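Okay, structure first, notes after.
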Amino acid sequence: MDRRIVGWLSISAGAVVFVASVVALPSGGMASSYAVIGIAAALGAAVFGSAVVLRAASTALSATNDPDAARRSARRLSWMLAAYGFLVPIALLIGVGPTVISGVPLRTSQYVMLAAGAVALAGGITLVIALSRSRGGAIVDPEPAPVSVPSGDQWLIVTPRDPGAMVLYGMSSVVLALLVSFSSLRLLVVAIDSGPAGWAIALVVMVVLLVVAVWWLRRRFPQVSVNPGKGVVRAGAREVPVDQLTAARLVASVVWPGGPRTLFLTLEGPDGFEAPLLLRRGGRLAMTDAQRGAAVAAVRAAPIRLPHAREDPQGKFSRVTHPSHVDAEQAALLVESPPRDGDELPVSMA
């Protein structure tokens with residue numbers, strides 16, 4: 001059976017179970033317990049199906065002789081997935097709708113479900129608007145100009161903090177956090193319905209989780225500055241000489257298959273130091289010529305090499321054990337001339 005058919009069957013089954021589970025969630029007793037299990041299973045089926053479908057679309061995009069046609073097909077797929085995404089707010093509203101129609105006063109948790117449905121609906125509309133405004137095919141921009149390395153003792157910000165780029169950089173963790181949040185929906189309902197104490201506990205937990213999430217994103221994607229004169233790279237509050245940057249890792253992210261690509265090159269140093277350089281944002285160059293020159297100077301001066309395992313001192317299997325890392329020459333070329341959408345990357349991002 002075609003993988004896409006398997007994926008869509010899994011997504012459809014997950015959607016049906018999700019709607020039924022959300023409708024049964026406020027019932028209480030064993031029905032609510034089964035509903036929580038149903039929501040978790042439905043989300044798992046939807047994620048599995050989406051992964052299968054998106055994987056098939058990405059494979060078709062890389063194997064086709066007509067990239068434009070493959071991108072159009074991928075965009076149609078994205079529209080279909082966005083339509084399925086609207087089932088989340090619709091299901092939340094369905095779960096509260098009968099109570100509203102009957103005239104029975106809503107419980108606090110049901111007000112929360114209404115608010116969550118409205119927020120999810122607004123987010124879905126925003127996503128659809130962004131998808132409709134995006135251009136198909138590769139984004140055309142001018143060839144990067146030859147770099148000129150800035151001189152003198154001066155700090156130059158090469159990658160400012162960007163909320164959108166932060167989310168894209170930590171995309172896998174963000175998706176995991178959303179899944180955990182959906183799976184914990186029943187706990188939130190119970191806490192809110194238990195009275196003022198439950199309200200307080202739920203509010204404190206949500207605030208703490210929000211603070212931790214923001215802190216984690218800011219720590220994972222700090223502002224990066226370079227001082228070419230001193231040969232120092234600053235990421236957040238940490239400064240590291242370029243001669244201590246020993247590895248570079250390429251990170252690629254897309255919002256939907258065939259969509260514009262966002263590229264990061266993360267420079268790695270001692271004690272877990274990481275300096276993510278934003279090369280392209282949504283397919284477009286993210287750095288000015290001066291910023292690119294400073295970044296190239298840092299990368300060229302750094303003793304970047306492929307990491308190797310302790311059992312592989314010669315690094316014969318580094319390409320296998322560290323597939324997203326690049327060597328010194330590849331890192332410099334990535335910063336000098338970041339690959340456009342459709343260009344082959346120097347490493348496999350599968």
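Per-structure values
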| item | result |
| --- | --- |
| Selection count where residues are surrounded by fewer than 13 Cβ atoms within 10 Å (Cβ to Cβ), over 12 Å from residue 250 (Cα atoms) and among the hydroxyl-bearing types (Ser, Thr, Tyr), scope region 301-350 | 0 |
| Residue list for region 289-300, restricted to those being buried (at least 18 other Cβ atoms within 10 Å of the Cβ) and either aliphatic (A, V, I, L, M) or not assigned by TED's automatic domain parsing to the domain that holds residue 272 (or both) | 294, 295, 296, 297, 298, 299 |
| The one condition in (1) of a type outside the set (Asp, Glu); (2) at negative phi; (3) modelled with pLDDT under 85 that residue 264 fails to fulfil | (3) |
| Qualifying residues in region 306-336 (those that are under 27 Å from the mean Cα position of the chain (by Cα) and of a type in the set (D, E, K, R)) - the one nearest to residue 224 (Cα to Cα) | 336 |
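The values are calculated or read from the model by the stated rules, or taken from the named source; none is laboratory data. Please read these numbers as outputs of a predicted model, since none were measured by experiment. Because the Cβ atoms are built from the backbone with ideal geometry, glycine has one as well, and the counts that use them run over all protein chains shown.
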